[in-house]
Amino acid sequence: MLRFKDYAYGNKQKRFMPNILELRDLSRTYKLGDEVLNALDHVSLTVEKGQFIAIIGPSGSGKSTLANIIGGLDKPNNGTVQIDGQDLSKVRDNKLSTYRNQHIGFVFQSFNLQPHNTALENVMLPLVFSKLKRSERKKRAKECLEAVGLGERLNHKPDQLSGGQRQRVAIARALANNPSIIIADEPTGNLDSAKGAEIMDLLKSLSKQGITLIVITHDMNVAKQAQRVLEMRDGKLTERRG
């Protein structure tokens with residue numbers, strides 16, 4: 001299994017904080033016509049480096065909004081977001097893409113692979129904005145695919161792969177930039193139970209190597225595998241005990 005070290009910023013090595021994620025009193029509202037929707041209602045959360053947390057809740061509860069803010073895809077109206085010691089409230093919008101590329105790996109239910117690209121080319125995509133030469137990007141992508149058990153499928157396109165294999169490509173792509181956090185949105189939603197179990201075993205192995213894992217799911221069988229289970233309901237976040 002490929003090992004992942006502290007993320008390198010150029011030639012400087014960033015020291016991880018004990019708590020990789022600290023959210024304080026987040027609020028996020030959306031206006032729908034004359035109605036104001038409180039997607040997040042004074043949400044606070046602290047997550048340690050390498051923890052595996054699951055976020056559950058009904059559709060519209062705010063869990064996707066929370067994930068988007070952690071992933072730098074959205075910003076709260078109020079509150080602070082500190083990730084790996086960096087205050088996102090002080091990051092300009094045009095710098096958020098750099099933040100996402102350096103810190104966050106995304107895994108989606110629908111895989112979101114480029115259909116005309118090979119597995120290797122799909123995993124190389126996040127590395128386009130890195131300072132690596134093409135040969136180094138190719139080497140890194142190959143290592144990530146080998147790490148998820150697809151070393152013999154480098155040149156296969158998505159339609160030549162099973163659902164489980166496509167999700168493994170998506171995980172390899174998420175690993176390409178050596179992220180601090182992986183956000184997986186319903187990662188087993190399009191898989192049968194056997195393939196879903198394989199994907200969860202893979203994700204848990206990454207968490208054990210120090211990558212913080214945040215899984216959004218409706219499946220309690222998936223959620224129960226996490227170290228912590230958090231529930232979103234009506235924009236409020238609570239932690240399940242026991």
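The values are calculated or read from the model by the stated rules, or taken from the named source; none is laboratory data. Note that the coordinates shown come from a computational prediction; the quantities given were computed from them, not determined experimentally. Glycine also receives a Cβ, built like all others from the backbone with ideal geometry; neighbour counts cover every protein chain displayed. For the accessible areas, the whole protein counts, side chains as well, though only heavy atoms, and no ligand, DNA or RNA atoms are used. Shrake-Rupley method; radii C 1.70, N 1.55, O 1.52, S 1.80 Å.
General observations
- Overall, the ratio between the Cα radius of gyration of the range 91-174 and 2.2 N^0.38 Å, rounded to two decimals, is 1.09.
- 0 to 90° range, to nearest 10: angle between helix 134-147 axis and the chain longest Cα axis: 80 degrees
- Extent of the range 148-226 along its three principal axes (Cα atoms, max minus min coordinate, largest first): 34, 28, 16 Å.
- Distance between the modelled labels on L32 and E239, one decimal in nanometres: 3.1 nm (7 Å Cα→Cβ projection).
- For the listed peptides 212-221, 91-100, a ranking on the average number of other beta carbons within 10 Å per residue, highest first, reads 212-221, 91-100.
- The stretch between L96 and N78, if pulled fully straight at 0.36 nm per residue, gains 4.7 nm over its current Cα-Cα span.
- The local environment of T188, defined by Cβ-Cβ distances under 14 Å, has a net charge of -1 under the rule Lys, Arg +1 and Asp, Glu -1.
- Per the Debye calculation on the chain with a single equal scatterer at every Cα and no solvent contribution, log₁₀ I(q)/I(0) for q = 0.08, 0.13, 0.15 Å⁻¹ amounts to -0.29, -0.79, -1.05.
- Normalised by 2.2 N^0.38 Å, with N the number of residues, the alpha-carbon radius of gyration of the range 43-138 equals 1.26.
- The chain: relative contact order in percent, alpha carbon pairs under 8 Å with at least 6 residues between: 29 percent
- Couplings 3J(HN,Hα) of the range 159-171, computed from phi: 6, 9, 10, 6, x, x, 5, 4, 5, 5, 4, 4, 5 Hz, in residue order, whole Hz [Karplus 6.51 cos²θ - 1.76 cosθ + 1.60, θ = phi - 60°; x for Gly and Pro].
- When DSSP beta bridges are restricted to pairs lying wholly in the chain, around 60% turn out antiparallel.
- Computed on the range 106-240, the Cα convex hull volume stands at 119 Å³ per residue.
- Calculated [θ] (222 nm, deg cm²/dmol) that DSSP helices of n ≥ 4 give over the chain, each run adding -39,500 (n - 2.57): -9000 deg cm²/dmol
- Close amide H partners of I216, meaning residues 5 or more places away or on another chain with modelled amide H under 5 Å apart, are I55, A184, D185, E186.
- Heavy-atom accessible area ranking, 1.4 Å probe, most first, across S59, S110: S59, S110
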